[in-house]
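What follows is one structure encoded as structure tokens, with my remarks underneath.
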Amino acid sequence: MNIVLLGAPGAGKGTVAQELVAEFGFAHISTGDLLRAAVKSGSDLGVKAKSYMDAGELVPDQLVIDLVKERLAADDAQKGFILDGFPRNTVQAVTLDSELGAMGNPLDAALLIDVDAKVIIDRLSARRACRACGYTGTAADEVCPKCGGEMYQRDDDKPETIANRLDVYEKNTSPLVEYYRGQGRLDVVDGVGTIEEVHDRVKEALHL
Ligand code: ADP
Ligand code: ZN
């Protein structure tokens, strides 16, 4: 099954993806994770992407599109994938449809994780990530519960940047909800609840 996850920053796309991967083994393609890995490695792409990411702006389409194309061509993506953080605007969505069409591996569903703006701001301010494995937790996690690694606050989860990311989401990404609704591919789940509750709603929505 090929799935696109939609939802504001902090809606829980990464967590929903992790749960689906754990149960069904789909390939998890997170452009945020791919870009953060590129920044960490100091690659050309990472150097180009960093300033946009720190400001909460979108990285230029062509950079992200190339990254996703390469990832979609990998073996593990042929048995089903979850795209998390891509597409983030209409150009990316249209490009994705035509790439997947050419590969003969179209999308099955676009799943919107619906969370109220107030909840989003609280979640992002409290969010912490593991430096070692990328696990996403909260300020209450002193060390990573998965691997014992050091937890840190992403630069783009600082209050100055959060407001900008939410603006960028509203302007660029939220129109995709109508784009996928128009294709008859949209499913919506309530993203407020425990990890397990949300996972159950996701499975129901996707008939998994
Ligand atoms: P979020 O928590 O905002 O969903 P992500 O980890 O998905 O964060 O993305 C972090 C940053 O990486 C974004 O703010 C943006 O700068 C960049 N980024 C990720 N995916 C894309 C994309 N599809 N197009 C452009 N920029 C992207
Ligand atoms: Zn960890």
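Quick notes
- Looking only at residues of region 131-155 that are under 18 Å from VAL16 (Cβ atoms) and not in a loop (DSSP other than H, G, I, E, B), we find that the one that is farthest from ligand 2 (Cβ to nearest atom) is THR138.
- Residue list for region 40-57, restricted to those being surrounded by fewer than 19 Cβ atoms within 10 Å (Cβ to Cβ) and either in contact (Cβ under 8 Å) with a residue 40 or more places away in the chain or within 23 Å of ASP167 (Cβ to Cβ) (or both): LYS48, LYS50, SER51, TYR52, ASP54, ALA55, GLU57
- Scan of region 1-10 for residues that are on the phi < 0 side of the Ramachandran plot and modelled with pLDDT under 95, ordered by number: PRO9
- Residue within region 76-83 that is acidic (Asp, Glu) and either touching a residue at least 60 places away in the same chain (Cβ under 8 Å) or within 16 Å of ligand 2 (Cβ to nearest atom) (or both) present: no
- Qualifying residue in region 158-168 (condition: closer than 29 Å to GLU197 by Cβ and either part of a strand (DSSP E or B) or away from ligand 1 (no atom under 16 Å from the Cβ) (or both)): no
- Filter pass, ASN105 being within 15 Å of ligand 1 (Cβ to nearest atom) and either of a type outside the set (Lys, Arg) or in contact with a helix residue (DSSP H, G or I) (Cβ under 9 Å, 6 or more places away or on another chain) (or both): no
- Within region 133-171, considering residues that are among the aliphatic types (A, V, I, L, M) and either surrounded by 14 or more Cβ atoms within 10 Å (Cβ to Cβ) or within 17 Å of SER51 (Cα to Cα) (or both), the one modelled with the highest pLDDT: MET151
- Residue within region 6-20 that is within 16 Å of ligand 2 (Cβ to nearest atom), under 20 Å from ARG127 (Cα atoms), in contact with a Ser or Thr (Cβ under 6 Å, 6 or more places away or on another chain) and assigned to a helix (DSSP H, G or I) present: yes
- Taking region 172-194 as the range and being farther than 20 Å from ALA93 by Cα and surrounded by 12 or more Cβ atoms within 10 Å (Cβ to Cβ) as the test, the residues that pass are VAL189, ASP190, GLY191, VAL192, GLY193.
- Scanning region 73-98 for residues that are in a helix (DSSP H, G or I), farther than 22 Å from LEU208 by Cα and either among the polar types (S, T, N, Q) or touching a strand residue (DSSP E or B) at 6+ places or on another chain (Cβ under 7 Å) (or both) returns THR90, GLN92, THR95, SER98.
The values are calculated or read from the model by the stated rules, or taken from the named source; none is laboratory data. In this text, all values refer to a predicted model and were calculated from it rather than measured experimentally. We place every Cβ from the backbone using ideal geometry, glycine too, and count neighbours over all the protein chains shown.
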